[in-house]
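These notes are about the structure you will find just below.
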Amino acid sequence: MLNNQVLGIGSGSTIVHAVQRLAERVKEENLTIVCIPTSFQARQLILQNGLTLSDLDRNPELDVAIDGADEVDSDLNLIKGGGGCLTQEKIVAGFAKCFIVIADYRKKSDSLGEQWKKGVPIEVIPMAYVPVTRALTKKFGGVVELRMAVNKAGPVVTDNGNFILDWKFDKVHEWREVNSAIKMIPGVVETGLFIDMAQVVYFGMEDGSVSVREKQPC
């Protein structure tokens, strides 16, 4: 991390530790950085740690985005969206010059679906969730479930006011093609497939060491 950088801050439990360390470095090294959140949770995290909050209106190009993942395959393709913030996470990561992922060892796979069994999250416009469900199973097989809330009656509602479908696929696909095809279904806002986006992934291993998968150095 360098001075005067714009950073995208992701969502999830792993990111909490990264933001705490970031805040320490800002204080220790007297750095000037601004942070763009990917969710309401990330926004609160930035404010709680005394970091400078900004948005894509003021900072449309980011130097680095840091986020977690639900699963990472050997090509650095990701499944994200277990926490429901996939659309904003993909926007922030997509406009960053470098996208760095931090995850624990349980997210490390050779192929998507090996470790993560909850499927690919897909954000949909509420009125379209039934026809999108039908289109997904017809085109790609597997099972599609509307994600239901835990502590309220009814479905999970994203920060954007949409629903989330979890597509539990039953075979390994050509993910780039599938991702593009899903996004063409009317009513789909975004998918939790992050294809060719991450440059480097840091895995926290069980013994406390760090394993790195790198496509290209940032």
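The values are calculated or read from the model by the stated rules, or taken from the named source; none is laboratory data. Bear in mind that the values here come from a model prediction, so they are computed numbers and not experimental data. Ideal geometry is used to build each Cβ from the backbone, glycine not excepted, and the neighbour counts take in all protein chains shown. Just the protein is used for accessible areas: all its heavy atoms, side chains included, with ligands, DNA and RNA removed. Shrake-Rupley method; radii C 1.70, N 1.55, O 1.52, S 1.80 Å.
One table, with the values for the structure above:
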item: Pick from the stretch 173-199, criterion touching a residue at least 40 places away in the same chain (Cβ under 8 Å) and among the acidic types (Asp, Glu), ranking: most open to solvent (accessible area, probe 1.4 Å); result: 196
item: Near pairs, Cβ below 6 angstrom, 6+ apart or cross-chain, from the stretch 155-172 (of a type in the set (Val, Ile, Thr)) to any residue that is loosely packed, with under 13 Cβ neighbours inside 10 Å; result: 156/149
item: Subset of the stretch 38-66 [assigned to a strand (DSSP E or B) and open to solvent by less than 30 Å² (accessible area, probe 1.4 Å)]; result: 62, 64, 65
item: Looking only at the stretch 1-33, and only at residues there that are farther than 24 Å from residue 81 by Cα and surrounded by 14 or more Cβ atoms within 10 Å (Cβ to Cβ), the one that is farthest from the chain's Cα centre (by Cα); result: 31
item: Qualifying residues in the stretch 97-141 (those that are in a strand (DSSP E or B) and surrounded by fewer than 17 Cβ atoms within 10 Å (Cβ to Cβ)) - the one nearest to the chain's Cα centre (by Cα); result: 104
item: Answer from 31, 7, 2 - the residue that is modelled with pLDDT of 95 or more and farther than 23 Å from residue 189 by Cα; result: 7
item: Residues located in the stretch 149-163, provided they are surrounded by 13 or more Cβ atoms within 10 Å (Cβ to Cβ) and either part of a helix (DSSP H, G or I) or not hydroxyl-bearing (Ser, Thr, Tyr) (or both); result: 155, 156, 157, 159, 160, 162, 163
item: Residue in the stretch 174-188 that is in a strand (DSSP E or B), within 20 Å of residue 87 (Cβ to Cβ) and either within 19 Å of the chain's Cα centre (by Cα) or of a type in the set (Gly, Ala, Ser) (or both) present; result: yes
